[in-house]
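Working notes, structure below.
The values are calculated or read from the model by the stated rules, or taken from the named source; none is laboratory data. Computed from a predicted structure; not experimentally measured. Don't worry about glycine lacking a Cβ; one is built from the backbone with ideal geometry, like all the others, and counts go over all protein chains shown.
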């Protein structure tokens, strides 16, 4: 067995591709990815079969056709996907001690981060694409056309999935354990932010523009023509006084800006934390 | 800077002011197999983690093949293979797939990894498990795969952190056999351990550390030559008797005598090989029928204990 000297190391880009490839491989072998895709397809098939079976005809409008299938579950599916594919991506390297295998290699931490994030990005794109494009193509078969609103909603859903993944990576970089990262990511996107949207927006009267879940509302609102607008309802209370209820509607342009902001800021902070994080214990 | 591993005033402070490595200076020569010896908490693993970019450096420098690990970890670790702590593996990968992953990160092509992977898996005796997923492997098997991944890219420097730690006796023997085999090649090996017999068995040089400070660094033989204090274990066919024991205590160089059973006793002896041979003759002269007369424990242990004691 000959012992040779230094070999030429691959570029950062080549290493990013390698990390991505093996991370996707992990999700394929762990059956998480297949599981999510099966859930999606089963849901779509049920939503396509059940309404006509109980006597509700398909909508004639292609946008309404897609919306009738996607609107209920898009956000929750994205939250589940982010929880499965982003939340423990970094923290598991520490908790499971696989970092002792990966980190002493001649690979920059930023490269490992980007490789992992790229794998999550690709999985998110795949999951959202299947979720939208089966209904869009089914809508084409039923109504004879494809709605531009469905494509716009698809774009917003993709952006939301990537922004939520970025937030998941930030949590994963900070948290010590995988379970904590998974639980926090899920509850943040599924409960904490939506509840704060209601408290701050509907009750407090301040538009929660900072909130990712609030801006994600555009994914469904975009199907409505004309696009809805914010309104405030004042209801007199018997015995005196008024009950004011604010119904804020996120605007598409702002939503795109906020989601891109989340992607940039969360990833930069997450990468810096990951780079500085030590492998102790 | 020709030496493959150079530490210059390397220091690591943890939070709450605990200094794990204190101004450590060390140069590891090419093709040497250096045992980095010290008790638990001495700073061995912290030093190795700084060398492999797993921990940040508080102050000082660490160079691998002349490249600063802090400023350019990618290049510094380019020709280094490392096994730090007991790494865990991705359970969904087989040993061969793990080697492909690690090899790809180091720029090896798939055919190159396949050929080299076969060699290293054979070296660590894991050939028959090459295509079995690692998930259910024992600790010993994982440690052998860890050694294989450290060797896959034909490194010039190998860093091992207590490679037999936590293994059962059989696993320890297997890993030690691999380590001895590595000596036949032109690697520079830096191996931390708290097992004195292991270091004496496989290493060419020893660096002793305690409280983050270097206590001694020399060739194993040179350090052993400095040790003139030995414990001798004597087994006899007849029985220990009092008068002879009193005489034995008075012999030159005998500092302590411990009777274990009626046929066995220990002598703490200070002297050279000549004096030790003389002692054997004297024992026979006292009427003892010697069955066995041997050094008990490791000579290195005596040096280790005296250095550790004086550093505390």
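Quick notes on this one:
- All of (1) over 17 Å from the mean Cα position of the chain (by Cα); (2) part of a loop (DSSP other than H, G, I, E, B) hold for residue A:87 with one exception: (1).
- Which numbered condition residue B:144 fails, given (1) part of a helix (DSSP H, G or I); (2) modelled with pLDDT under 95; (3) within 10 Å of chain A (Cβ to nearest Cβ): (3)
- When the strands (runs of 3 or more DSSP E) confined to the range B:25-123 are screened for residues that are facing chain A (nearest Cβ under 9 Å), those reaching at least 1 such residues are found at B:80-83.
- Test for residue A:57: is it in contact (Cβ under 8 Å) with a residue 60 or more places away in the chain and either in a loop (DSSP other than H, G, I, E, B) or out of contact with any helix residue (DSSP H, G or I) (no Cβ under 8 Å at 6 or more places or on another chain) (or both): no
- Looking across A:24, A:34, one residue alone is under 21 Å from residue A:131 (Cα atoms), within 14 Å of another protein chain (Cβ to nearest Cβ), under 18 Å from the mean Cα position of the chain (by Cα) and in contact (Cβ under 8 Å) with a residue 24 or more places away in the chain. It is A:24.
- Number of the exception - residue B:139 against (1) facing chain A (nearest Cβ under 7 Å); (2) surrounded by fewer than 22 Cβ atoms within 10 Å (Cβ to Cβ); (3) under 26 Å from residue A:30 (Cα atoms): (1)
- Flag if residue B:168 is more than 14 Å from chain A (Cβ to nearest Cβ) and either surrounded by fewer than 21 Cβ atoms within 10 Å (Cβ to Cβ) or out of contact with any helix residue (DSSP H, G or I) (no Cβ under 9 Å at 6 or more places or on another chain) (or both): yes
- Residue B:155, sole failed condition from (1) within 22 Å of the chain's Cα centre (by Cα); (2) facing another protein chain (nearest Cβ under 9 Å); (3) not in a loop (DSSP other than H, G, I, E, B): (3)
- Cβ-Cβ distances below 6 Å connect the following pairs, each with a first residue in the range A:1-16 that is within 7 Å of chain B (Cβ to nearest Cβ), a second residue that is outside any loop (DSSP other than H, G, I, E, B) and at pLDDT 50 or above, and a separation of six or more residues or different chains: A:1/B:119; A:15/A:111; A:15/B:105.
- Qualifying residue in the range A:219-227 (condition: under 26 Å from residue A:159 (Cα atoms) and either surrounded by fewer than 13 Cβ atoms within 10 Å (Cβ to Cβ) or in contact with a strand residue (DSSP E or B) (Cβ under 8 Å, 6 or more places away or on another chain) (or both)): yes
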